[in-house]
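A short worksheet on the structure shown next.
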Amino acid sequence: MTAGKQAADIAKLPDAMTHALRSLLGEERFLTDAESLAHYGRDWTRFVAPAPSGVLLPISISEIQTIVSLARQYQVKLVPSGGRTGLSGGAMAAKGELVLSLERMRKILQVDKAGRSLTCEGGAITGEIHRAAAEHGLMYPVDFASSGSSQIGGNIATNAGGIQVIRYGMTRNWVTGLKVVTGTGELLELNQGLVKNNTGLDLRHLFIGSEGILGVIVEATLGLTDPPKNPRVMVLGVPSMASLMHVLTGCQAQLSLLAFEFFSDLALQKVTTGQGIQPPFKDRYPFYALVEFESASAEAETQAEQLVEGCMTQGWVRDAVLSQSESQRRSLWRLREDISETIAQWTPYKNDISTTVQKTPALLSEVDALVARHYADLEVVWYGHIGDGNLHLNILKPDTVSVEEFQARCKSVSHHVFRVVQELGGSISAEHGVGLLKKDFLHFSRDPAEITLMRGIKAQFDPDGIFNPGKVFNA
Ligand code: MLT
Ligand code: ZN
C-alpha cells in the first residue's frame, strides 16, 4: 500500500472520530502507519490487498463499547481481528475499515478444575489455552497447526475444526459461555459457562461461526477434558482413495481413534523437501493416512498392529510406520501439519469441502475426476480430515501466471466442484469459513430462505451494519 492511499483513507475518518479515538487509546493503541495497516489489515489469504484506515488495540470491554458507539455515530466500519490466520478473507480490512484487534486482551482469567472449564479474554492465544489447561492436568481439545498464533475469539467466530474433530468435535462443542459486544454496543453474557440452561433460544450459538458479522467476542468460557492416554501415530502408505475409506472403517471399529488424516504424495514431497524432514518410507504411494489413536494398554497396540496387517493383506495399505516415542509421534504429525504453511509460497487456491463420511468416497471420486479434467496442467495438493468427510484441495499457482488470472480460472472450476458438493448434500466450507472468498458461492450450501434469515439476524444484532461488512454475504 502506498503512503498516498493511506493518507486518503485516513482522511475519510471524520476528524471528531479520530480525535475521540486518540483520546481513548492514545498514539500507542491507534495505529495508522503503513506497516501496521498492511500487517493488521490482512489474514493468511493473498487474493485481496489490505487497506484499512487504522488499527485499534483496546484493552478492555468498556473501550470496545466506546469504539462501537463511535463507529455507529460516524458510520465507520469495524473488522474484528484475532490472530489473522484465517484462510477465507474473513479478517481482511480492504475498504478503509478500522481493524478492531483483540491482541491486547489475551489474558487467561480462570481455570476451574472442578468445573473443568477455562475462562479467557477474546484475544487469548489457542496454544496458551492448551498450556493453561495442561498445567491443571486437563486439555482443551481443539487443535490445529496455527494454534501458536490463532486467538480464541477468531477460533470461535469461525467455529474452528482441526486435527482431532473425529474424536472431540469442532469449537462449537466446547464453548460454554461467551461475552460479546454487538453492533449496538451492548454487552451480552451468553450462557455464563452453564452446562444446563434451557431458557429459550441459545444466542451463544449464533456467535459461534458468525465470522464477525454480528459483533465481537470479548470473553469466552471453554469446556476442558482429560488428555488422551498414550497417544500413538501411524502413517500408512495407501494405493488409492477408495482404500483410504476401507482403512478408516477398520480404524473406527477397532481403535480408540483421535485423528484420521490423509495427504497425497505431492503434499508429502512438498512438505519433506520444504521443511527438510525425512519421508516415512523408501517407496512412494499415491496417498498416506495419518492415524492417531489411544494406546492405553498392550492389547490396544496389538490390535493396531493386527489391523494394519489385515489391511495389508487386503491390499489397502502398502507400508506402515508406528511411532515408538513422543518425539517420533510429533515428527510424524509434522508430515501432515506443516503442509499448509509449506505450500503457502505457491499462493494456493483453497477448496475446503465436506460431505457426510458415508458420502465421502463419492465426493472424492467425483471431485478427483473434475480435477483431472480441469487442472491437468497444474499442481494439485490433496490433504485433509478425511475421517470427518473434510477434504482440502489446494491448487498451486505457477510462477508464470498472475494472481488475478489464476484466481479467475480456479473460481470458474469451483462452480463445477461446488455443484458436486451440493448434489452430495455437502458444504463448500467445512472449516475455513465463507469470509470474502466463498461468499459468491454461499448458495451452493445454503438456500435463499436461510440466507434471508441470516441477513435478518445480522440486522437485529448490528442494525447499522458496523461489523465486518461484505463478509459471508454482500452487505
Ligand atoms: C489444515 O487442515 O491444514 C488447515 O485447515 C489449513 C489448510 O487447509 O491449509
Ligand atoms: Zn483443515
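With the cut-off at 25 Å, tell me which of the pairs Lys179/Lys411; Lys95/Lys411; Lys95/Lys270; Lys12/Lys439 have Cα atoms farther apart than that.
Working: Lys179/Lys411 37 Å; Lys95/Lys411 22 Å; Lys95/Lys270 35 Å; Lys12/Lys439 27 Å.
From the list (Lys179/Lys411; Lys95/Lys411; Lys95/Lys270; Lys12/Lys439), the Cα-Cα distance tops 25 Å for Lys179/Lys411; Lys95/Lys270; Lys12/Lys439.
Among 206-215, 318-327, how do they line up from the highest to the lowest mean number of other beta-carbon atoms within 10 Å?
On the way: 206-215: 24.7, 318-327: 14.6.
Listed from highest to lowest mean packing, they are 206-215, 318-327.
Which whole number in µm²/s is D for the range 321-475 by Stokes-Einstein, with the Kirkwood Rh taken over Cα pairs at 4 °C and 1.567 mPa s?
Working: Rh = 17.4 Å.
Calculated translational D: 74 µm²/s.
Rounded to the nearest 0.05, what FRET efficiency do Ala376 and Gln328 have when you use their Cβ-Cβ distance and R0 = 35 Å?
Numbers: r = 38 Å, r/R0 = 1.07.
E between Ala376 and Gln328, to the nearest 0.05, is 0.40.
Which one of Val233, Leu56, Pro286 is farthest out on the positive end of the charge dipole of the chain, using unit charges on Cβ (Lys, Arg +1; Asp, Glu -1) and the Cα centre as origin?
Leu56
Could you order peptides 286-296, 76-86 by the average number of other Cβ atoms within 10 Å of their residues, highest first? Numbers along the way, then the final one.
Values: 286-296: 22.3, 76-86: 26.3.
Going by the mean number of other Cβ atoms within 10 Å, highest first, we get 76-86, 286-296.
Treating only the Cβ atoms of Lys and Arg (+1) and Asp and Glu (-1) as charged, compute the dipole magnitude of the range 277-321 about its Cα centre; round to the nearest 20 debye.
Details: 3 positive and 8 negative charges, 72 e Å.
For this selection, approximately 340 debye.
Give, to the nearest whole percent, the P(r) tail of the chain beyond 37 angstrom, counting all Cα pairs. It would help to have the intermediate numbers written out before the result.
Numbers: 32391 of 112575 pairs.
Here the long-distance tail beyond 37 Å is 29 percent of all Cα pairs in the chain.
Taking H as built 1.01 Å from N, whose amide H comes closer than 5 Å to the amide H of Gln110, not counting residues under 5 places away?
For Gln110, whose amide H was placed from the backbone, the distant partners under 5 Å are Thr119.
How big is the dipole moment of the chain about its Cα centre under a simple scheme where the beta carbon of each Lys and Arg is +1, that of each Asp and Glu is -1, and everything else is neutral? Debye, nearest 20, please. Can you show the working numbers first?
Values: 44 positive and 51 negative charges, 116 e Å.
Roughly 560 debye for the chain.
Would you mind computing, in nm to one decimal, how far apart the modelled labels at Ser69 and Arg131 are, each placed 7 Å from Cα along Cα→Cβ?
For the pair Ser69/Arg131, the computed spacing is 3.7 nm.
Using 0.36 nm times the number of residues separating Ala344 and Ala34, minus their current alpha carbon distance, what extension gain do you get?
Working: separation 310, 0.36 × 310 = 111.60 nm, distance 2.37 nm.
Stretched out fully, the Ala344 to Ala34 stretch lengthens by 109.2 nm.
Just need the relative contact order of the range 265-397 here, percent rounded to a whole number, with Cα pairs under 8 Å and 6+ apart. Mind showing how you got there, number by number?
Details: 120 pairs, mean separation 36.6, N = 133.
It comes to 28 percent, rounded to a whole number.
Place a point 7 Å from Cα of Glu423 in the direction of its Cβ. Which residues in the range 353-395 have their backbone N less than 11 Å from it?
363, 366-367, 370
What are the residues whose amide H is under 5 Å from the amide H of Arg42, where those residues sit 5 or more places off or on another chain and H is modelled from the backbone?
Ala93
So how far apart, in nm, are the two label points at Met312 and Phe281 if each is 7 Å from Cα heading toward Cβ?
1.1 nm
Quick check on the chain: helices-only [θ] at 222 nm, where DSSP H runs of length 4 and up contribute -39,500 (n - 2.57) each and the sum goes over total residues. Nearest 500, please. Please report the intermediate quantities before stating the final value.
Values: 16 runs with 175 residues, N = 475.
Computed mean residue ellipticity for the chain: -11000 deg cm²/dmol.
Against the longest alpha carbon principal axis of the chain, how many degrees, from 0 to 90 and to the nearest 10, is the axis of helix 448-461 turned?
Taking the Cα atoms of the chain, the angle to 448-461 is about 40 degrees.
Just to confirm the number: angle between the C-alpha axis of helix 360-374 and the first principal axis of the chain, 0 to 90 degrees, nearest 10?
With rounding to tens, the tilt is 80 degrees.
For the pair Thr356 and Ala408, what calculated FRET efficiency results from E = 1/(1 + (r/R0)^6), where r is the Cβ-Cβ distance and R0 = 35 Å, to the nearest 0.05?
On the way: r = 32 Å, r/R0 = 0.90.
That gives a FRET efficiency of 0.65.
Expected output is a single nm value to one decimal: the length gained when fully extending between Leu453 and Asp265, i.e. 0.36 nm times separation in residues minus the C-alpha distance. What is it?
Working: separation 188, 0.36 × 188 = 67.68 nm, distance 4.30 nm.
63.4 nm is the gain from fully extending Leu453 to Asp265.
Below 8 Å, C-alpha to C-alpha, sequence gap of six or more: please give me the relative contact order for the range 252-310 in percent. The partial results should precede the final answer.
Working: 52 pairs, mean separation 29.1, N = 59.
About 49 percent, as a whole number.
5 Å is the cut-off here: which amide hydrogens, built 1.01 Å from N in the peptide plane, fall below it relative to Asp319, excluding neighbours closer than 5 in sequence?
Placed amide hydrogens put Gly237 under 5 Å from Asp319.
State the percent of C-alpha pairs, over all pairs in the range 37-178, separated by a distance greater than 21 angstrom. Walk me through the numbers before you get to the answer.
Values: 4523 of 10011 pairs.
In whole percent, the long-distance tail amounts to 45.
What does the extension gain come out to for Ser23 and Asp440, with contour length at 0.36 nm per residue minus their alpha carbon separation? Could the numbers behind the result be given before it?
On the way: separation 417, 0.36 × 417 = 150.12 nm, distance 3.99 nm.
Taking Ser23 through Asp440 to full extension adds about 146.1 nm, to one decimal.
With a 10 Å radius around each residue's Cβ, average the other Cβ atoms per peptide and rank 156-168, 402-414, 331-343, highest first. Write down the numbers at each step before the final one.
Numbers: 156-168: 24.1, 402-414: 14.8, 331-343: 20.2.
The packing order, highest mean first, is 156-168, 331-343, 402-414.
Hey, got the dipole for the range 320-452? About the Cα centre, +1 on K and R Cβ, -1 on D and E Cβ, debye to the nearest 20?
Values: 14 positive and 18 negative charges, 22 e Å.
I would put it at about 100 debye.
Throughout, read-outs are computed from the coordinates displayed, never taken from laboratory work. Fair warning: this is a prediction, and the values are worked out from it, not measured in the lab. Don't worry about glycine lacking a Cβ; one is built from the backbone with ideal geometry, like all the others, and counts go over all protein chains shown.
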